[in-house]
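Note sheet for the following structure.
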Amino acid sequence: MLSGKPTRREFLQGTGILIVSFSLPISFRAAVTQGATAPKTVALDEVDAYLAVDTTGLVTLYSGKVELGTGVSTGLRQIVAEELDVPLAGIALVEGDTSLTPAQGKTWGSLTIQNGGIQIRQAAATARQALLQEAAKNLGVPAGDLVVEEGVARPQSGQKRVSYGELIGGKNFSLKLDKQAPVKDPANYKIVGKPVLREDIPPKITGQFTYVQDFKLPGMLYGRVIRPPAIGATLQSVDETSVSGIPGVIKVVRQINFLAVVAESEWGAIKAAQKLKASWSTWEGLPEQSKLWDYVRATKINKDDVTSNVGDAEKALAQAAKTVSATYSFAIHSHASMGPSCAVADFKDGKLTCWSASQAPHDLRLQLAAMLSMKDSDVRVIYVEGSGCYGRNAHEDAAADAALLAREVGRPVRVQWMREEEHGWDPKGPPTLMDLQAGLDASGQVISWYSQLYVPEGGGGNVKLLAAEAAGLPFDKGMFPGNIINNSAIPYAFPNVKTVAHRLAETPFRPSWIRAPGRMQNTFCNEAFLDELAVAANADPFEFRLRYLGNDARGTELLKRLMRLAQWQGRANKPASGDVASGRGVAYVKYELARTYVGAVADVEVNRKSGNILVKHFAIVQDCGQIINPDGVRNQIEGNVIQTVSRTLKEEVTFDRSRVTSVDWASYPILAFPEVPEIDIDLIDRPTEKPWGVGEPASAVVPSAIANAVFDAVGARLRSVPFTAAKVQAALQGT
């Protein structure tokens, strides 16, 4: 009997595992000396990177993609349970641990199920094929005669059976992912496609859930970083004696422009950060907010990305019988996470362990290693879900703060940002500006579309870490606001189209990913302008879109279903009278022109006197291909709508020449519960198609649907997000 086998808990803690392997043809055998241990593989092409089975049959799924509150932890478990024919309750999940999980890429772009889930499905299919071959040998029957129920294989007739736990419990698969391993026929699905309630919701509602903000280590200290009064200010002097009377202060840490305090208690760290006397230089490098769009236009263009070019848009525009032009803009946004960012770091024996809510733990590991000039292998990042964490907010920065302080004091350090830090120093969604022109012929047909988008130059790297920059340590120096030119091209088959993205050399704040980065802003501009063209052509907005969708059958089906769901009766011939007017608006997106389709109809009320907009109702139809968990998809659509209504009506970063001034909920308001609209959803499930992402796409249609509904209500065009009362009143005066 093999000895020295660690417990499952020891295994999950990364202390090592017994390596026992089998290969094709399947035969279980000891691969190394009994009792030997080795690190768990995280290789992307190894089944063992994704799956393990213990002697009880419990399957552990190792996912490099993480749960950001989107429900993917349930969806990924459904995929594995389906492919392996085990109960959903028999799937445990380890996520975002750089020592235990494969590097499947950032949890972004609605790609967790679409990409990460497909990798995991193939790993499970490979494992199932191997297990069936071994079960066939064990039971003495052909593999094709076996059925599997709840992790137990048996012949279609007969009493003999063998469980996964008996076949491989506690051992390794030692198999490469087989891309040809057959996956289950969707016709036989029992778990995928069925609504499953998320297990994380009840403890979150009752306050029992452990967020990273609740995470603690024995002997942990507490850190606070002192931010300068201006973004580009430099530290001139520090009076450490100013905090000498505060109990529990361990150390004042200064490294160039990085200044922090470490204390025995959270309150001690807060008081020390408030009392520490420091002198900073002045800095006024931000543009005037009132002249933001002049600043954007005047910024140097590093390059032009032509995102589509059909025919000769400029020539056709010059020959058009009627031309329409407009400029649309989308304000700078904060992530405004409900729970300020937090991390815990421990530097011991030359190795760093960091617990973080980063959406990219494997990337954060590399950033921390570079910042501290350590080997990648000496840094481990372990994901712990954050209270309000999405996009690239400030969790990585909190991790860098904690790591730097832990190295300085030699004990675990927890750093939680304050509210003014979260709003003031998180990276921002950059400002977006788009000029649009279109030409129509004498019969009202669109013959030309020409748009010019102004956004920062970017790429696929990592946002720079504040601590690294302030302390003069290595960091990523490029601007990485995400792939924000997607959906600048349009899904409509006009004969002449040109869409250009002017990539700017700079932008006011650190740019970063915020839900549907670029896709939301660009879809807002395009779909609201398309509504202007429908009015110019005297056409119904649904009919107008359907006319130009070309051969896109899925888009056509979606819009027709949306008309039925919304009980569309056509646009009103003229705006309603009275102080409060109601209107309806439609918007449509094919996300990145390559995947998830979404259509929306918004119902709004506009108060002419106050300028306030109330979004009463949203009807949403979505086609994301194969649906893994309908309940989870509905959760995501509802979340997309609610958050984006808030972003559309209320949210905007304000600033002076030195710093962000919208640093609390009063100066950066968000949607209140009484303002949440009712939402009706129709899901188009295509079980035989690939699954597409749902975390972002529905948000892309919300701003334009609201803008179009406001025009329907009062005849005023809103072309600049957010749609504040002042902007509504100004637009009404211009009608």
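Throughout, read-outs are computed from the coordinates displayed, never taken from laboratory work. Every value quoted in this text rests on a predicted model; they were computed, and no experiment measured them. Quick reminder, even Gly has a Cβ in these numbers, built from the backbone with ideal geometry, and neighbours come from all protein chains shown.
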Legend entry - Estimated vicinal HN-Hα couplings, Hz - the stretch 465-477 in sequence order (Karplus 6.51, -1.76, 1.60; Gly, Pro = x): 8, 4, 4, 5, 5, 5, 8, x, 9, x, 7, 5, 9
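Among the helices of the chain (complete DSSP H runs), which have Cα atoms covering no less than 27 Å along the helix axis and a Kyte-Doolittle mean of at least -0.5?
Numbers: long enough: 118-139 (31 Å, -0.07); 630-649 (29 Å, -0.46).
Span-like helices here: 118-139, 630-649.
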Inset, instruction - Pop out the Kirkwood hydrodynamic radius of the stretch 431-488 from its pairwise C-alpha distances, inverse of mean 1/r, in Å to one decimal. - result: 14.6 Å
Inset, instruction - Work out the charge dipole of the chain with +1 on the Cβ of Lys and Arg and -1 on the Cβ of Asp and Glu about the Cα centre, then indicate which of Thr523, Ile205, Val344 is farthest towards its positive end. - result: Val344
Inset, instruction - For the stretch 359-404, state which trypsin sites (Lys or Arg not before Pro) are in a DSSP loop and have at most 15 other beta carbons lying within 10 Å of their beta carbon. - result: Lys375
Legend entry - Label point distance in nm, Leu614-Asp682, each placed 7 Å from Cα along Cα→Cβ: 2.7 nm
Legend entry - As computed over the stretch 115-251, the Cα convex hull volume per residue (Å³): 295 Å³
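Add +1 for every Lys or Arg and -1 for every Asp or Glu among the other residues with Cβ under 13 Å from the Cβ of Gly219, and state the total. Walk me through the numbers on the way to the answer.
Numbers: positive: Lys216, Lys348, Arg411, Arg414; negative: Glu264, Asp346.
Around Gly219, the charge tally is +2.
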Inset, instruction - Starting from the amide H of Trp280, placed 1.01 Å from N in the peptide plane, find each other amide H under 5 Å away whose residue is 5 or more places distant or on another chain. - result: Gln236
Legend entry - Of the trypsin sites (Lys or Arg not before Pro) in the stretch 602-640, those whose Cβ has at most 12 other Cβ within 10 Å and which sit in DSSP loop: Lys609
Legend entry - Additional length obtainable on full extension of the chain from Ala572 to Lys190, 0.36 nm per residue less Cα span: 132.9 nm
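For the chain, calculate the relative contact order in percent as a whole number, restricting contacts to Cα pairs under 8 Å that are 6 or more residues apart.
Values: 1724 pairs, mean separation 97.8, N = 735.
Worked out over the chain, it gives 13 percent.
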Legend entry - Under Karplus coefficients 6.51, -1.76 and 1.60, residue-wise ³J(HN,Hα) of the stretch 692-700 in Hz, glycine/proline x: 10, x, 10, x, 10, x, 5, 5, 5
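Viscosity 0.692 mPa s, temperature 37 °C: what is the translational diffusion coefficient of the chain from Stokes-Einstein with a Kirkwood Rh over Cα pairs, rounded to a whole number of µm²/s? Mind dumping the intermediate values first?
Details: Rh = 27.8 Å.
So the translational diffusion coefficient is about 118 µm²/s.
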Inset, instruction - Grab the Cα-Cα distance for Thr56 and Arg657, subtract it from 0.36 nm times how many residues apart they are, and report the gain in nm with one decimal. - result: 210.1 nm
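In the neighborhood of Leu433, defined by Cβ-to-Cβ distances under 11 Å, what is the net charge if each Lys or Arg adds +1 and each Asp or Glu adds -1? Working shown, then result.
On the way: positive: Arg297, Arg719; negative: Asp294, Asp435.
That sum, taken over residues with Cβ under 11 Å, equals 0.
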Legend entry - Given charges at beta-carbon only (K, R positive; D, E negative), |dipole| of the chain in Debye: 400 debye
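What value, in deg cm²/dmol to 500, does the helix sum -39500 (n - 2.57) over DSSP H runs of n ≥ 4 give at 222 nm once divided by the residues of the chain? All intermediate terms of the calculation are to be shown ahead of the outcome.
Working: 18 runs with 193 residues, N = 735.
Here the helix-only value at 222 nm equals -8000 deg cm²/dmol.
Find out how many positive minus negative residues lie around Glu150, taking Lys and Arg as positive, Asp and Glu as negative, among other residues whose Cβ is under 13 Å from that of Glu150. Kindly include the intermediate steps, with their values, before the conclusion.
Working: positive: Arg154, Arg161, Lys190; negative: Glu82, Asp85, Glu149.
That sum, taken over residues with Cβ under 13 Å, equals 0.
Quick one: Cα convex hull volume of the stretch 346-503, Å³ per residue? Intermediate results must be reported in sequence, preceding the final value.
On the way: hull volume 22.6 nm³, N = 158.
In the stretch 346-503, the Cα hull volume divided by residue count equals 143 Å³.
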Legend entry - Surface/4 estimate of mean projected area, convex hull on alpha-carbon atoms of the stretch 235-348, nm²: 14.5 nm²
Legend entry - Separation of the Gln733 and Ser325 label points, Cα + 7 Å toward Cβ, nm: 2.5 nm
Inset, instruction - Pop a pseudo-label 7 angstrom from the Cα along the beta-carbon direction at both Lys137 and Ile201 and give the gap in nm to one decimal. - result: 4.5 nm
Legend entry - Cα Rg, Dmax, the stretch 605-735, angstrom units: 17.1, 55
